[in-house]
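Below you'll find the structure, written out as C-alpha cells, and then a few comments.
The values are calculated or read from the model by the stated rules, or taken from the named source; none is laboratory data. Here the structure is a predicted model, which means the values were calculated and not measured. Positions of Cβ are generated from backbone atoms using ideal geometry, with glycine treated the same way; all protein chains shown enter the neighbour counts.
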Amino acid sequence: MTARRATADDAAALHALILDLNRDQGDPTDLLTAEHVARDLIAAPATIVVVAEAPDGVLIGYATAHPTYETGTAEHGLYVGDLYVVPAHRRQGTARALLATLARAGHARGARHLWLTAKQDNAAAHAFYRRLGSRGEPVMAFAVVEQDFRNLAAEAP
C-alpha cells in the first residue's frame, strides 16, 4: 500500500470511496459528483487530499484536510474532514499511513496539529485516534446549513 497526494486522475475512484463513506454514515450520496471532487477537493489549493493505493493500483482509502487555526495555542493546524478505508483493508495501517501523509503535507505548510472528529458512537475511531496519541476533548459540534446559513449570511451588515 502506498499513501500519496491525490491527483486529478484519482477523481472518479475517490468519488466512489466518498460515496461509500457517505452511505456508511447515512449522509446523502446524490449531491457530490466526480467533477466536484476534482475541482473542490483535489484542485483546491487550501485542501489536502491523500489516497491509499493498493499494489494493484486500486484506491483503498482516502483522507481530506483543511487549514485551521487554534487561537488557544497560537498555531496553524489541519482539520481532518474525512478519513475512510474500505472494510477489507482496515486494521492494517492504512488509516495511520493516510494521517501520517496528511501530517507531513500539513507540517510542510506550517501546521502543528491535526483536529479529528468522530461520531459519538464510533468507538473504533475513538480508540484509533487515542492510539495516535490524541487527546479527546468534550465538544459538541453544530452546523448552520442550507436556508439557515443563507439567512444568517443575509443578516451581515
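If you scan the range 9-26, which residues turn out to be of a type in the set (Gly, Ala, Ser) and surrounded by 11 or more Cβ atoms within 10 Å (Cβ to Cβ)?
Matches in the range 9-26: ALA11, ALA12, ALA13, ALA16.
Can you confirm whether the range 27-44 contains a residue that is under 24 Å from ALA124 (Cα atoms), modelled with pLDDT of 95 or more and either surrounded by 17 or more Cβ atoms within 10 Å (Cβ to Cβ) or not hydroxyl-bearing (Ser, Thr, Tyr) (or both)?
For the range 27-44, residues under 24 Å from ALA124 (Cα atoms), modelled with pLDDT of 95 or more and either surrounded by 17 or more Cβ atoms within 10 Å (Cβ to Cβ) or not hydroxyl-bearing (Ser, Thr, Tyr) (or both): absent.
Among the residues of the range 60-93, count how many are touching a Leu at 6+ places or on another chain (Cβ under 9 Å), among the hydrophobic types (A, V, I, L, M, F, W, C) and surrounded by fewer than 20 Cβ atoms within 10 Å (Cβ to Cβ).
The total comes to 1.
Out of ARG130, ARG150, ARG112, ARG96, which single residue is out of contact with any strand residue (DSSP E or B) (no Cβ under 7 Å at 6 or more places or on another chain) and surrounded by 13 or more Cβ atoms within 10 Å (Cβ to Cβ)?
Working: ARG130 fails: surrounded by 13 or more Cβ atoms within 10 Å (Cβ to Cβ); ARG150 fails: surrounded by 13 or more Cβ atoms within 10 Å (Cβ to Cβ); ARG112 fails: out of contact with any strand residue (DSSP E or B) (no Cβ under 7 Å at 6 or more places or on another chain).
On inspection, the qualifying residue turns out to be ARG96.
Yes/no per residue for (1) over 26 Å from THR71 (Cβ atoms); (2) in contact (Cβ under 8 Å) with a residue 40 or more places away in the chain; (3) in a helix (DSSP H, G or I):
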site	(1), (2), (3)
ARG96	yes, no, yes
ALA103	no, no, yes
GLN120	no, no, no
SER134	no, no, no
VAL139	no, no, no
VAL144	no, no, no
LEU152	no, no, yes
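In the range 42-73, which residue that is without any contact (Cβ under 8 Å) to a residue 40 or more places away in the chain and outside any loop (DSSP other than H, G, I, E, B) is farthest from THR7 (Cα to Cα)? I'd like the intermediate steps shown before the answer.
At the first step, the residues of the range 42-73 found to be without any contact (Cβ under 8 Å) to a residue 40 or more places away in the chain are 42-47, 56-57, 63-64, 66, 69, 71-72.
Right, trim to outside any loop (DSSP other than H, G, I, E, B) and you get 42, 63-64, 66, 69.
On the way: ILE42: 6, ALA63: 13, THR64: 13, HIS66: 17, TYR69: 26 Å.
By that ranking, first place goes to TYR69.
Given the criteria modelled with pLDDT of 95 or more and surrounded by 10 or more Cβ atoms within 10 Å (Cβ to Cβ), does ALA125 qualify? Don't jump to the end; show me each part of the working.
Values: modelled with pLDDT of 95 or more: no; surrounded by 10 or more Cβ atoms within 10 Å (Cβ to Cβ): yes.
No, not satisfied.
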